[in-house]
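Have a look at the structure below before the remarks.
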Amino acid sequence: MISSTESAPSAHAAGFPFTAIEGQPQLQTALLLAAVDPLLGGVLVEGPRGTAKSTSARALAALLPAGRFVNLPLGATEEQLAGSLDLEAALQRSAVVFRPGLLARAHGGILYVDEVNLLADALVDLLLDVSASGINRVERDGVSHQHDARITLVGTMNPEEGQLRPQLLDRFGLFVRLENVPSAAVRKAIVKTRMAFDADPQAFVEQHAAAQSDLAQRVKLARERVAAVAWTDAVHDDVAQRCQDAGVEGVRADLVMLRAARAHAALHGRSAVTPADVQAVAELALAHRRTQAAPAEPPASGEPAQQPEQQPSSEEQTPPPAPPPTGGAQGAGTPSGQSGHGPAPSANTLPDHAAPADAWGAMPPPQLVAMKVVKALKPLPSKKA
């Protein structure tokens, strides 16, 4: 049976405090935005092992009102994720009996998927649909049921273990690409903080309790007022121009960037979106949707195209240089006054266009082979008839 891990809102279950995380400000910003507005479509985090992906997601759950953290195993089925309907009860009692799945358990909290790039595409589609709509619909043999499922979806992936299909990648609202620790100072701060937590988890949590409480209150207020945050045409123009310059397909990036900027403004207590809010969230919305512009590619691809013009024609190509002469008659076959191609190259020089003898594909020059003196063979005497 596939099981999931679910954490309740307590200091012990919350584990490492969100406010104590070191060295990942962009990841923390993306997670807070998704917590303020779960309909952003979730957060996809790409990075190597040991970059606080799961620690940050689990710590975020403590800041939410429900405080739930549900982990989706890779082996889960669609029925275990979405829930199931009891058809026997529907036929016998004309009643819809719904068995909740992981989506129902994660309502109001975090649904975490580690290595989401290895999850079945059908489950990823379902997760993204529910994350964007906030509603889970289950249908089976003409019987249907739906329930609220406002989840904050957090998916992580290691690019070394495979990529997510572009169609699914685009549907994630925000994207964070984590790199290795940028400096020795940051590395030292991370290790020092982690060792302090491992030495006395309870004391460490209590040390950051005030900051955690303040941030949780900010998230709560932001969730309540995010829908009322407005933006001007100038802000909308800024968003549209950024998406246009990035060459993104469709308008999903525009919608996500506006919603993320609105959540950012609400998190900072503003009633209207400012250019600073757009600047803070732009790369989170564009990083995985930006198309590859190729202004620098034509020169690189044009250089090989000029090479045939620099190469001599087949008639002008000089044969491989002859080996050093062993006698005076070796060079007698070429008149000194020969015109057309100029003098033949010597054995120790190569034309400018010729490849060196040790280059890949180069043919070795012909070598002289010593001939041994062979005695004349006498024919065998013919047999007399």
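A search for C-beta distances below 8 Å between a residue of the range 195-217 that is under 17 Å from Q28 (Cβ atoms) and any residue that is modelled with pLDDT of 95 or more and among the basic types (K, R), counting only pairs 6+ apart in sequence or on different chains, returns nothing. When the range 182-221 is filtered for residues that are loosely packed, with under 14 Cβ neighbours inside 10 Å, of a type in the set (D, E, K, R) and either touching a Ser or Thr at 6+ places or on another chain (Cβ under 9 Å) or not in a loop (DSSP other than H, G, I, E, B) (or both), the ones remaining, listed by number, are K188, K192, D198, E206, D214. A residue that is touching a residue at least 60 places away in the same chain (Cβ under 8 Å), small (G, A, S), surrounded by 11 or more Cβ atoms within 10 Å (Cβ to Cβ) and not assigned by TED's automatic domain parsing to the domain that holds E22 occurs nowhere in the range 268-276. Among the candidates P48, P73, the residue that is modelled with pLDDT of 90 or more, part of a loop (DSSP other than H, G, I, E, B) and surrounded by fewer than 21 Cβ atoms within 10 Å (Cβ to Cβ) is uniquely P73. R68 falls short of the stated requirement of being more than 30 Å from T51 (Cα to Cα) and assigned by TED's automatic domain parsing to the domain that holds P166. Can you find, within the range 170-181, the residue that is modelled with the highest pLDDT among those that are touching a helix residue (DSSP H, G or I) at 6+ places or on another chain (Cβ under 8 Å) and either more than 20 Å from Y112 (Cβ to Cβ) or part of a helix (DSSP H, G or I) (or both)? Among those residues, the one meeting the criterion is D170. Within the range 69-98, the set of residues being farther than 21 Å from V130 by Cα and without any contact (Cβ under 8 Å) to a residue 40 or more places away in the chain comprises D86, E88, A89, L91, Q92, R93, S94, A95. Restricting the search to the range 246-270, which residues are closer than 20 Å to L169 by Cα and outside any loop (DSSP other than H, G, I, E, B)? Within the range 246-270, A246, R252, A253, D254, L255, V256, M257, L258, R259, A260 meet the criteria.
Looking across A59, A34, A30, one residue alone is under 17 Å from V205 (Cβ atoms) and surrounded by 22 or more Cβ atoms within 10 Å (Cβ to Cβ). It is A59.
Within the range 89-109, the residues that satisfy the criterion of being out of contact with any Phe, Trp or Tyr (no Cβ under 7 Å at 6 or more places or on another chain) and in a loop (DSSP other than H, G, I, E, B) are S94, A95, V96, V97, P100, G101, A106, H107, G108.
The values are calculated or read from the model by the stated rules, or taken from the named source; none is laboratory data. Given the structure is predicted, the values throughout are model-derived calculations rather than measurements. In this analysis, Cβ positions are derived from the backbone assuming ideal geometry, glycine residues included, and neighbour counts consider all displayed protein chains.
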